[in-house]
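Presented below is the structure to which this report refers.
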Amino acid sequence: MKESEAAFQTWFLDLAHLLGWARVHFRAGLTNRGWKTPIEADSESAGWPDWVLVRPGPELGSGRIVWAELKGTGGSLTGEQADWLGLLLLCGMEAYCFWPEDRELIERILR
């Protein structure tokens, strides 16, 4: 069954909330030059991951930060998205692209 990115995102955010993650997302706004995210970054923020999840651990330095790009059924990464996720991975970060069929994997990662 095909699932939209919006529906998948709702499930993802509900799960993250239930598991104690703080979540942040920067929404794009419509400008006279098209949809733009009001942050300063390389390439006008093109490709920046959809969500950043943060959950502190019991001791200083024991928490986790997860960078997540979400796709609906059949969605694919753009070159810019792959570049950002690759940079984050090279820096030792947890960075993922998830599709609706990854629910079991997502639950394991976020627990």
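Restricting region 72-111 to residues that are in a helix (DSSP H, G or I) and basic (Lys, Arg), which is farthest from PHE8 (Cα to Cα)?
Of the residues in region 72-111, the ones in a helix (DSSP H, G or I) are 79-90, 100-110.
Then drop every residue that is not basic (Lys, Arg), which leaves 103, 108.
Details: ARG103: 9, ARG108: 17 Å.
Per the stated criteria, the residue is ARG108.
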**Asked** Does ALA22 count as among the small types (Gly, Ala, Ser), at pLDDT 80 or above and farther than 20 Å from ASP102 by Cβ?
**Response** yes
**Asked** Within region 25-59, which residues are modelled with pLDDT of 95 or more and of a type in the set (A, V, I, L, M, F, W, C)?
**Response** TRP51, VAL52, LEU53, VAL54
**Item:** Residue identified as open to solvent by less than 60 Å² (accessible area, probe 1.4 Å) and not hydroxyl-bearing (Ser, Thr, Tyr) among ARG55, ARG23, ARG27, ARG33
**Value:** ARG55
**Asked** Given the conditions (1) modelled with pLDDT under 95; (2) open to solvent by 60 Å² or more (accessible area, probe 1.4 Å), which single one is not true for LEU90?
**Response** (1)
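How about region 97-111: which of its residues are open to solvent by 60 Å² or more (accessible area, probe 1.4 Å) and either within 14 Å of the chain's Cα centre (by Cα) or touching a residue at least 24 places away in the same chain (Cβ under 8 Å) (or both)? Give the derivation first.
Just the residues of region 97-111 that are open to solvent by 60 Å² or more (accessible area, probe 1.4 Å), to begin with: 99, 101, 103-105, 107-108, 111.
Of everything in region 97-111, those that are open to solvent by 60 Å² or more (accessible area, probe 1.4 Å) and either within 14 Å of the chain's Cα centre (by Cα) or touching a residue at least 24 places away in the same chain (Cβ under 8 Å) (or both) turn out to be TRP99, GLU101, ARG103, GLU107, ARG111.
The values are calculated or read from the model by the stated rules, or taken from the named source; none is laboratory data. Not measured: the values here are computed from a predicted model. Every residue, glycine as well, gets a Cβ built from its backbone with ideal geometry; the counts of neighbours run over all protein chains shown. Side chains are part of the model used for accessible areas, which takes the heavy atoms of the whole protein and leaves out ligands, DNA and RNA. Shrake-Rupley method; radii C 1.70, N 1.55, O 1.52, S 1.80 Å.
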